[in-house]
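Reviewing the structure listed below.
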Amino acid sequence: MLIYLLSCILATLVVVFLLHKIGISERYIIFAGFAVFGLFAGTFSGLVEHREGLMISNFIGVCLGDEVSSYAINHLGDPYSPQAHYTIPWVFRVPQVYLFASLVSYSIIGLIIQAAYNIFKKPAAFTRHRVAIITVIAFIVCIGIATGAVYATQSEYERNRTVSPCAYPDVEIGSGSPAESAWNMPDECVAKDLS
């Protein structure tokens, strides 16, 4: 866990340094660094096929994403469906929920740290509104591109799979051929066999 935290901090510091080099104000740079790191980590988690390494590369986003997906199945979907994953909206399904959970969680962490920094530092009023607007628009475009990348990697079947009830016999009932099983008999015959 310590190695994970150190690697996240190092990656975030690299992003903050790069944002500083392109001219982002120090009043917003910590929040922007964490948000960009969350976007990259979430996109990586949404695109990776092998799930074994996700807990190492994006622990916060994957854990939160799994909880959000489970909550959505229990409260928005049909938890008793054999295909419960497909009864919830696309945004709450794995793997795309990892993208949004990472983005939100790291952005909130960055916002808290940025607010604390701004309170203690009390920097001068932000005068470069143009840079802030361009940065926000670029970030929204990056979110759209990341969502599109996750969406594009899924087949049409995975995105729009219809949920239909299905039942499979566990045990054949009857002593004769499969044609005499409870699955093939009318309801009144099954009731006679059970009495």
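What follows is calculated from the coordinates using simple rules that are stated; it is not laboratory data. Keep in mind that what you see is a predicted model, and the values were worked out from it rather than measured. No Cβ is skipped: glycine too gets one built from the backbone with ideal geometry, and neighbour counts run over all protein chains shown.
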**Prompt:** Among His20, His75, His85, what is the fewest-to-most ranking by other Cβ atoms within 10 Å?
**Reply:** His75, His20, His85
**Request:** Estimate the FRET efficiency between Ala152 and Leu111 by the formula 1/(1 + (r/R0)^6), using the beta-carbon distance for r and 35 Å for R0, to the nearest 0.05.
**Result:** 0.75
**Fill in**
Going fewest to most other Cβ atoms within 10 Å around each Cβ, Glu26, Glu67 line up as Glu67, Glu26
**Asked** When a footprinting reagent is the concern and you count Cβ atoms within 10 Å, what order do Tyr98, Tyr4 take, fewest first?
**Response** Tyr4, Tyr98
**Item:** Cα Rg, Dmax, region 1-50, angstrom units
**Value:** 12.1, 38
